[in-house]
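See structure below.
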């Protein structure tokens, strides 16, 4: 029997459907929370706005998830969702627009419905950050991309540049390097910040040329799309002929709908204590949407499980 607190089945007089727990998001943190919430028997609903797995599903290969030497992000995400569904998790494809306190409950408005819940887990992840350089917005979708896994096939045998030096940049660059004819890596520092194993693998790739201590200043193109990237190097400005520019310069937490519910840091991430607890005792946060520094699939999964467990413990008090 599902655990409920001040909740009734179906619709209330206000027209809002009510649940004990709503999980906002569809990435690893949300899928883990859904699995544990279902197993704990908590009356719940998962609101996911796009494909299962979130950003993780767009990763070509994941090599650091325990139990798998190598697995496609989309395959791992599909397996996580399948397991959650089999445990009894309930999903709806809806995008959260606003969430606000409504007395003792929380009102969540999506693009389709309005809900009320006693507890909320924010697991909406983070979106790719932009640089705001000339040409970036103009040529988005015509050579500028934030997803090598999605767009690599369009650049087979062509030239490309990756901007960034973290785990995502290096992983996606490795995927691109096997497809393109030449690959430049533009990084603002003198070494990558990614796992040493991945960094060494990328630097040893015959198609890769790194541009250290450099910054992207402009994306150049014509009616057909991107033709070059202008970068600033220690030696001066350099224009590199290229067909594609892939940006991996960080992320922006997807916290827009939740600003009135919880405290955020300067970056816009949910401030958490004890890993997943927030400034609101009825709201928990998990995964890349939080201010926890280490962002990996395995830590997101841990966050989701912990959040569901903490809510289950709270429900035992009633």
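Read-outs: derived from the displayed coordinates by stated rules, not from any lab. This one's a predicted model, so the numbers in the text were calculated from it and none came from an experiment. Reconstructed Cβ throughout: ideal geometry from the backbone, glycine too, with neighbour counts over all protein chains shown.
Three semi-axes describe the equivalent ellipsoid of the range 130-247; taken as square roots of 5 times the Cα gyration tensor eigenvalues and ordered largest first, they are 20, 17, 12 Å.
Rounded to the nearest 500, the helix-only mean residue ellipticity at 222 nm of the chain stands at -6500 deg cm²/dmol, with each DSSP H run of n ≥ 4 adding -39,500 (n - 2.57).
Over the C-alpha trace of the range 216-318, radius of gyration and Dmax come out as 20.8, 67 angstrom.
With everything on Cα atoms, drop me the angle between helix 73-87 and the longest principal axis of the chain, reported from 0 to 90° to the nearest 10. Value to nearest ten degrees: 10. Among 30, 129, 77, the largest mean-square fluctuation in a Gaussian network model of the chain, built with springs joining Cα atoms closer than 10 Å, belongs to 129. Stokes-Einstein diffusion of the chain at 25 °C, 0.890 mPa s viscosity, Kirkwood radius from Cα pairs, rounded to a whole number: 118 µm²/s. More than 19 angstrom separation, counting every C-alpha pair in the range 107-174; what % is that? Of all Cα-Cα distances in the range 107-174, 52 percent exceed 19 Å.
Quickly rank 165-172, 288-295 as a protection proxy: mean count of other C-beta atoms within 10 Å, highest first. If you can, show how the numbers build up before the last one.
On the way: 165-172: 22.8, 288-295: 19.1.
The densest-packed peptide leads the list: 165-172, 288-295.
Helix 297-315 axis versus longest C-alpha principal axis of the chain: approximately 10°, rounded to the nearest ten. What does the C-alpha gyration tensor say about the overall shape of the range 5-140? Classify as rounded when a/c is under 1.5, otherwise prolate if a/b is larger than b/c, or oblate. It comes out oblate by the Cα gyration axes.
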